[in-house]
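Written below as structure tokens is the structure these notes are about.
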Amino acid sequence: MKNIHFVGEWFDCCAPKALLTDAQAIQAHCMAHVARRHLPIRYEHFTATALDGVIGAMSGNGIHLVVRTFPRRDAVIADLFVEEVEPADITAAMQVFNGLRDEFRPLRSLLHRVQRDGQSLPVQGRTPRKPTEVFLTKPVQRIA
């Protein structure tokens, strides 16, 4: 069975701090993106972590999305897994993933593909051609 599994690491997020620290706000944003794409989500749970961040999970038949925020570092890690039941579901899941990334507005982003069957996935839409993708709206100052 083919499937896709992506892990996104989003750094230097420019989103308001409330979006990085408020479990209900993150849940509402995730649900809005999922509802817009009509994904089969049957369970969701979001809660605060000990370090003022949020961890949340959404799952359904053949799909899971996990989001973890680190407000002290302005960072987010998102994990998306989709079984290849319908190509439309995979496309919709990637649109949710990309939409959430846009909500957090990272200046730097890494996207890791976890490939299990040894075959490469076709590149569609905004999926990067390399294992990493960087978004910079302004130069990053380097500390000497």
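If the condition is being touching a residue at least 40 places away in the same chain (Cβ under 8 Å), among the hydrophobic types (A, V, I, L, M, F, W, C) and in a helix (DSSP H, G or I), then the range 26-41 contributes Ile26, Cys30, Val34. Taking the criterion of being under 21 Å from Val114 (Cβ atoms) and not in a loop (DSSP other than H, G, I, E, B), the residues of the range 42-68 that qualify are Ile55, Gly56, Ala57, Met58, Ser59, Gly60, Ile63, His64, Leu65, Val66, Val67, Arg68. Considering only residues that are of a type in the set (A, V, I, L, M), more than 21 Å from Val114 (Cβ to Cβ) and surrounded by 15 or more Cβ atoms within 10 Å (Cβ to Cβ), which ones fall in the range 1-30? Hits for the range 1-30 are Ala15, Leu19, Leu20, Ala23, Ala25, Ile26.
Rule-based calculations on the coordinates, nothing more; no lab input. None of the values given here were measured: they were computed from a predicted structure. Neighbour counts run over all protein chains shown; Cβ positions are idealised from the backbone, glycine included.
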